[in-house]
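In what follows, a structure is listed as structure tokens, so that the remarks can point back to it.
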2 protein chains.
Amino acid sequence: MDLMGGDHGPEVVVPGVALALERHPDIRFTLFGLQPACRPVLDRHPSLRAASTFVPCEVAVGMDDKPSQALRQGRYRSTMWRAIEAVKTGDADVCVSAGNTGALMAMSKFCLRTMANIERPAIAAIWPTMRGESIVLDVGATVGSDAQQLFDFAVMGAAMARSLFEIERPLVGLLNIGVEEVKGLDEIREAGRLIREANLQSFEYAGFVEGGDIGKGTVDVVVTEGFVGNIALKTAEGTARQMAEYLRAAMSRSWMSKIGYVLAKSAFDRLREKMDPGKVNGGVFLGLNGIVIKSHGGADAEGFAAAVDVAYDMARNGLTAKIENDLNIYHSRRKALSAVATAQSPD
Amino acid sequence: MDLMGGDHGPEVVVPGVALALERHPDIRFTLFGLQPACRPVLDRHPSLRAASTFVPCEVAVGMDDKPSQALRQGRYRSTMWRAIEAVKTGDADVCVSAGNTGALMAMSKFCLRTMANIERPAIAAIWPTMRGESIVLDVGATVGSDAQQLFDFAVMGAAMARSLFEIERPLVGLLNIGVEEVKGLDEIREAGRLIREANLQSFEYAGFVEGGDIGKGTVDVVVTEGFVGNIALKTAEGTARQMAEYLRAAMSRSWMSKIGYVLAKSAFDRLREKMDPGKVNGGVFLGLNGIVIKSHGGADAEGFAAAVDVAYDMARNGLTAKIENDLNIYHSRRKALSAVATAQSPD
């Protein structure tokens, strides 16, 4: 755990980790933080102290630091770097940080490197839907993806769905602007062809899905390029915030609606939880040699704990091994096929 | 008015037009429809009959017809074509149809042609925000836009904002995945440069905005490429629908919340109206020699009337002339500048 990230640092992260420990008493934590900021907060959580090792570090990466700046100043010695490094050395199964996304991704790539056969990592978001939750990736790790990269996203997202939702063969869709096979961008059509041809056992391909299908939960995994995924995610979060604001305004309009609000308060509380984008937490970095989870910078303790919950499931279900295994099956089969093709070729 | 479009055809469109007439008694309608389907519905709306001319046509374009098929079967003789043609001939100021978007765009391009200096038309959506309404374009007329096309979208969107919101100098932002000038795709950065350099009087450039800014109403006009805009729009509509469903479920959970619901009913009714994506209606086709408005296929009479409201404002405020004027200023200035540059060049 990187204790120093997020808008409120250890004041929120430490209680968040303590909450997660209550839910999963079998976790053992290694906590990376600046001594002066963390000690007083940790002292208020004795059971967390007992279940964890605190590693004092020298530097904390700022929320507004540029990735290059964070790498220059924080490599080898920042709380963020040390937390990622613990995954590399095998001391930890997974790293969680609420620190700034650009710096976290840059350090994760530098420290863990991308998996064999994976050109680019992706950030996967867990999206609340009418049917439960879906995974949407990439939501902004990189801009622009070719067909092969979209294919890799599908494989990685499906492995994550199997780890997180514990379903055997998740349904995967490619985000597009029409459901007809003819529509959309060339690379998306080509990715659809690659996926159909590969015909992998690890997931079922559902074809194209549209923006409105994400919230419906039409598929378990929605695959898209990072620019589009980021715009979709932030637009949906903005819409949820807007709806919550409309609700607040409507309920405070007359004394009748105010009384109604009081009577329905517990329903409203549950609703607020569902509508709060911060509650559904944990952007998961996929495609690296190890799992790194980014918690929302603005999340409260409950939000950070939700990110740790995700980390717990990913680690327990061996996400990285699942992805490696699926990619190996695909690439070795492709190699075999191309060897056959070469042997059969007339020259 | 094309009476034959939408999921319910004249049964919904005719009452919608009648509603719009009540609000704007100065409108005179020309109604294009199939005689057998329209006559009985029109007979139930005598004041609309009195304020309109009914033109019986031979063909109605199907909601699932491909654009090419619609053009082949419906050119010159379908209700859709005839309604668009009325704009071309000057018999109408604006055309409204709830028919299928692809066919309507294909026919509009074929019949009206794009404006001088405009390479591609755009579809502009009117987006409800926390501060009122904003315009987002393109939401799916075409996929992929270069910097010059994004620039044109900015000019057209600003002209629409001036016509619809009656503000003198609307604020225009480019949709991107970070607010720093360095981020995002090349064409978006380049479009930002073009807009800054042009320094037009017709709008103020606010720089980059993110997905979350759309619902906040940070700017009056959000400019983006059609694929991204379509995904953002449909994702937001899906999220609004999802929130409405959460609300419904939460309110019917206990007898307390049910009583609360009854007491707050009028507040909920207002809220439902705000949360209903169908209510905010009217995708406006921009960049053609005439205004065509697409109403949601699934909209009810109130929704269709909202599209007619938009049409009324656009026509009354001379949207097409505004766009032409702004583009002319820009292009003649650019021509003058390049003439100066040529005259000054050493060869």
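The values are calculated or read from the model by the stated rules, or taken from the named source; none is laboratory data. Remember, predicted model here, so these are calculated numbers, not experimental data. Every residue, glycine among them, receives a Cβ derived from its backbone with ideal geometry; neighbour counts consider all protein chains shown.
General observations
- Qualifying positions in region A:296-311 - part of a loop (DSSP other than H, G, I, E, B) and either touching a His at 6+ places or on another chain (Cβ under 6 Å) or not charged (D, E, K, R) (or both): A:His296, A:Gly297, A:Gly298, A:Ala299
- Residue list for region B:213-261, restricted to those being farther than 19 Å from A:Ile231 by Cα, more than 7 Å from chain A (Cβ to nearest Cβ) and not polar (S, T, N, Q): B:Ala244, B:Arg248, B:Ala249, B:Trp255, B:Lys258
- Boolean, B:Val172 is closer than 20 Å to B:Tyr330 by Cα, more than 7 Å from chain A (Cβ to nearest Cβ) and at pLDDT 90 or above: yes
- Any chance A:Ala154 is under 21 Å from A:Asn230 (Cα atoms) and more than 9 Å from chain B (Cβ to nearest Cβ): yes
- Condition met for B:Ala86 (closer than 30 Å to B:Asp138 by Cβ, buried (at least 23 other Cβ atoms within 10 Å of the Cβ) and among the small types (Gly, Ala, Ser)): no
- Those residues of region A:1-34 which are crowded, with 24+ Cβ neighbours inside 10 Å and aromatic (Phe, Trp, Tyr), in sequence order: A:Phe32
- Condition met for A:Ala161 (closer than 27 Å to A:Leu337 by Cα and either touching a His at 6+ places or on another chain (Cβ under 9 Å) or more than 12 Å from chain B (Cβ to nearest Cβ) (or both)): no
- Identity of the residue in region A:114-128, buried (at least 17 other Cβ atoms within 10 Å of the Cβ) and either modelled with pLDDT under 90 or not in a strand (DSSP E or B) (or both), that ends up nearest to the other protein chains (Cβ to nearest Cβ): A:Pro128
- All positions within region B:69-101 that are assigned to a loop (DSSP other than H, G, I, E, B) and closer than 13 Å to B:Thr30 by Cβ: B:Thr89, B:Gly90, B:Asp91, B:Ala92, B:Asp93
- Unmet requirement for B:Ile214, which otherwise passes all of (1) free of Cβ contacts under 8 Å to residues at least 40 places away in the same chain; (2) touching a Ser or Thr at 6+ places or on another chain (Cβ under 8 Å): (1)
- Subset of region B:246-265 (residues that are more than 23 Å from A:Ala240 (Cα to Cα) and among the aliphatic types (A, V, I, L, M)): B:Met256, B:Ile259, B:Val262, B:Leu263
- Members of region B:197-254 found to be acidic (Asp, Glu), at pLDDT 90 or above and not in a loop (DSSP other than H, G, I, E, B), listed by number: B:Glu197, B:Glu204, B:Asp213
- If you check A:Ala106, A:Ala159 for being outside any loop (DSSP other than H, G, I, E, B), modelled with pLDDT under 95 and under 16 Å from A:Asp220 (Cα atoms), only one passes: A:Ala159.
- Residues in region B:255-264 that are assigned to a helix (DSSP H, G or I) and not charged (D, E, K, R): B:Trp255, B:Met256, B:Ser257, B:Ile259, B:Gly260, B:Tyr261, B:Val262, B:Leu263.
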